[in-house]
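First comes the structure, then the notes that go with it.
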Amino acid sequence: MKFFHMADVHLGAVPDKGFPWSYDRGREIWESFQNVIRQAGRENVGLFLIAGDLFHRQPLLKELKEVNALFASIPNTKIVLIAGNHDFIKENSFYQKISWAKNVFWLSKEELSYVDFPDLGVRVYGFSYHQREILEPRYDQMKISSPMPVNILLAHGGDESHIPITGDTFFSTPFDYVALGHIHKHQILEENKVAYAGSLEPLDKNETGMHGFIKGEIHKKEIYIEFVPASKREYRIISIRVGKDTTQFSLENTVREKIKEEGEEHLYTIVLEGKKPTHTEFFIDAFYKLGNIRDVEDKTTISYSKSQLRENYKGSIMEVYLSLFQQEGITEEEEKAFQYGVEALLESGEELP
């Protein structure tokens, strides 16, 4: 039996507000979600697990109806979901008013509950958030008694404000599989047993790399899982090392080539590193016109010539400072200290005689 494990879809989110692609990103989250639902139907998936934060905030009724229609479009797939900290169940939440399709099973209680699927030989446990934060480590040392061959836990949390999870939380867990949500980077905590699906689409420039969902298969009591990339775009970092011959023109050409090579659909942070000659400045704003540039970080330092500085600042504090670095073969740390010291003297004006 195949199953899908998804989390942190964040329908309704609009990443990168103010950037030209922001509107498209909000729409793409919905499209990626729809695509995975369709894939579940094509592959005859028996069980579809959603481990919280299906929505980025309290869902609108029209949004819930849209999601419910999508779920109903794969009637042979049993869908189990919980609410996370972003879409927690408020007293007047529209979550309370939706009549889910027959194949949808909503573990809405604050206390641990479960749903049985005798035809699949599976029991799925879970509970929903009814407030933004849960400080107690509620997943620690859980005990269950079940007649089902396979027992799965739907869980949402992992930081100090949202059900803390440590390395021991699921040690010797009674569950055959723990489907986790809340952490947006997909990761396997225990092979084929405990895993974060990660967010379906990246939502922030720090969420670099591939995003998608987990596909699993249950054969008798054995479970096998794999990560499936499904996002339309990725946040990526392009690091460019500058040198004495680097110009604004050559930098822009390098950025264009890198973006063309890696994919023009992706969203980039450009990081400039290395040493640039004295009096060299790069026009950072120009890079934003070269593609989907989310951020530019200039981490370059100025490569000062000791002989030129000594010639320019004879009889000054600068000359005294330079004498401290006359020896050959200074370490990398000493070279950094030299560069920082020169910059501080130049900025303060104390390099003058």
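Take the residues in segment 260-273 that are part of a strand (DSSP E or B) and without any contact (Cβ under 8 Å) to a residue 40 or more places away in the chain, then tell me which one is nearest to the chain's Cα centre (by Cα).
Applying the first criterion (part of a strand (DSSP E or B)) to segment 260-273 yields 267-273.
This time we only want the ones that are without any contact (Cβ under 8 Å) to a residue 40 or more places away in the chain, so: 268, 270-273.
On the way: 268: 14, 270: 18, 271: 19, 272: 23, 273: 24 Å.
This residue is 268.
So, in segment 102-142, exactly how many residues are among the basic types (Lys, Arg), within 14 Å of residue 178 (Cβ to Cβ) and assigned to a loop (DSSP other than H, G, I, E, B)? Give the derivation first.
First pass over segment 102-142, keeping only residues among the basic types (Lys, Arg): 102, 109, 123, 132, 138.
Narrowing the set further to residues that are within 14 Å of residue 178 (Cβ to Cβ) leaves 123, 138.
So of that shortlist, the ones also assigned to a loop (DSSP other than H, G, I, E, B) come out as 138.
Qualifying residue count, segment 102-142: 1.
Exactly one condition in (1) under 25 Å from residue 217 (Cβ atoms); (2) without any contact (Cβ under 8 Å) to a residue 24 or more places away in the chain; (3) aliphatic (A, V, I, L, M) is not met by residue 14; state its number.
(1)
Can residue 236 be described as in a strand (DSSP E or B), over 16 Å from residue 52 (Cα atoms) and modelled with pLDDT under 95?
The answer is no for residue 236.
Evaluate the following for residue 92: is it open to solvent by 10 Å² or more (accessible area, probe 1.4 Å), over 26 Å from residue 223 (Cβ atoms) and either of a type in the set (Asp, Glu) or in a loop (DSSP other than H, G, I, E, B) (or both)?
Numbers: open to solvent by 10 Å² or more (accessible area, probe 1.4 Å): yes; over 26 Å from residue 223 (Cβ atoms): yes; either of a type in the set (Asp, Glu) or in a loop (DSSP other than H, G, I, E, B) (or both): yes.
Considered against the rule, which asks whether it is open to solvent by 10 Å² or more (accessible area, probe 1.4 Å), over 26 Å from residue 223 (Cβ atoms) and either of a type in the set (Asp, Glu) or in a loop (DSSP other than H, G, I, E, B) (or both), residue 92 comes out as yes.
Would a scan of segment 274-283 turn up a residue that is assigned to a helix (DSSP H, G or I) and open to solvent by less than 80 Å² (accessible area, probe 1.4 Å)?
no
What helices (runs of 4 or more DSSP H), lying completely within segment 305-353, carry at least 1 residues that are within 18 Å of residue 244 (Cα to Cα) and either at pLDDT below 70 or open to solvent by less than 50 Å² (accessible area, probe 1.4 Å) (or both)?
306-312, 332-348
Condition check ((1) modelled with pLDDT of 95 or more; (2) over 23 Å from the mean Cα position of the chain (by Cα); (3) acidic (Asp, Glu)) across all residues:
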{"position": "17", "(1), (2), (3)": "no, no, no"}
{"position": "28", "(1), (2), (3)": "yes, no, yes"}
{"position": "38", "(1), (2), (3)": "yes, yes, no"}
{"position": "41", "(1), (2), (3)": "yes, yes, no"}
{"position": "49", "(1), (2), (3)": "yes, no, no"}
{"position": "77", "(1), (2), (3)": "yes, yes, no"}
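Working only within segment 201-215, note down all residues that are in contact (Cβ under 8 Å) with a residue 60 or more places away in the chain, of a type in the set (A, V, I, L, M, F, W, C) and assigned to a loop (DSSP other than H, G, I, E, B).
203 - this is the single residue of segment 201-215 that is in contact (Cβ under 8 Å) with a residue 60 or more places away in the chain, of a type in the set (A, V, I, L, M, F, W, C) and assigned to a loop (DSSP other than H, G, I, E, B).
Of all residues in segment 1-49, count the ones that are crowded, with 19+ Cβ neighbours inside 10 Å and in a strand (DSSP E or B).
9
Any residue in segment 275-286 that is in contact with a strand residue (DSSP E or B) (Cβ under 6 Å, 6 or more places away or on another chain) and either closer than 20 Å to residue 209 by Cα or of a type in the set (Asp, Glu) (or both)?
There is no residue in segment 275-286 that is in contact with a strand residue (DSSP E or B) (Cβ under 6 Å, 6 or more places away or on another chain) and either closer than 20 Å to residue 209 by Cα or of a type in the set (Asp, Glu) (or both).
Please work out if residue 144 is surrounded by fewer than 21 Cβ atoms within 10 Å (Cβ to Cβ), within 20 Å of residue 197 (Cβ to Cβ) and in contact (Cβ under 8 Å) with a residue 24 or more places away in the chain.
Values: surrounded by fewer than 21 Cβ atoms within 10 Å (Cβ to Cβ): yes; within 20 Å of residue 197 (Cβ to Cβ): no; in contact (Cβ under 8 Å) with a residue 24 or more places away in the chain: yes.
No.
Which of the residues spanning segment 55-77 are in contact with an Asp or Glu (Cβ under 9 Å, 6 or more places away or on another chain) and not in a loop (DSSP other than H, G, I, E, B)?
55
In segment 143-168, what residues are touching a strand residue (DSSP E or B) at 6+ places or on another chain (Cβ under 7 Å) and either modelled with pLDDT under 95 or farther than 21 Å from residue 6 by Cβ (or both)?
Within segment 143-168, 144, 146, 148 meet the criteria.
Scanning for something exposed (fewer than 15 other Cβ atoms within 10 Å of the Cβ), in a loop (DSSP other than H, G, I, E, B) and either touching a Cys at 6+ places or on another chain (Cβ under 6 Å) or touching a residue at least 60 places away in the same chain (Cβ under 8 Å) (or both), does segment 174-188 turn up at least one residue?
no
So which pairs qualify, if the first residue must be in segment 233-257 and closer than 30 Å to residue 31 by Cβ and open to solvent by less than 30 Å² (accessible area, probe 1.4 Å), the second must be acidic (Asp, Glu) and outside any strand (DSSP E or B), the Cβ gap must be under 6 Å, and the two must be at least 6 apart or on different chains?
Pairs found: 233/265; 235/207.
State yes or no: is residue 218 open to solvent by less than 30 Å² (accessible area, probe 1.4 Å), in contact (Cβ under 8 Å) with a residue 12 or more places away in the chain, closer than 30 Å to residue 179 by Cα and not charged (D, E, K, R)?
yes
The values are calculated or read from the model by the stated rules, or taken from the named source; none is laboratory data. These numbers come from a predicted model, not from an experiment. Please note: Cβ atoms are built from the backbone with ideal geometry, for glycine as well, and neighbour counts cover all protein chains shown. Quick note on the areas: whole protein, heavy atoms, side chains included, nothing else; ligands and nucleic acids left out. Shrake-Rupley method; radii C 1.70, N 1.55, O 1.52, S 1.80 Å.
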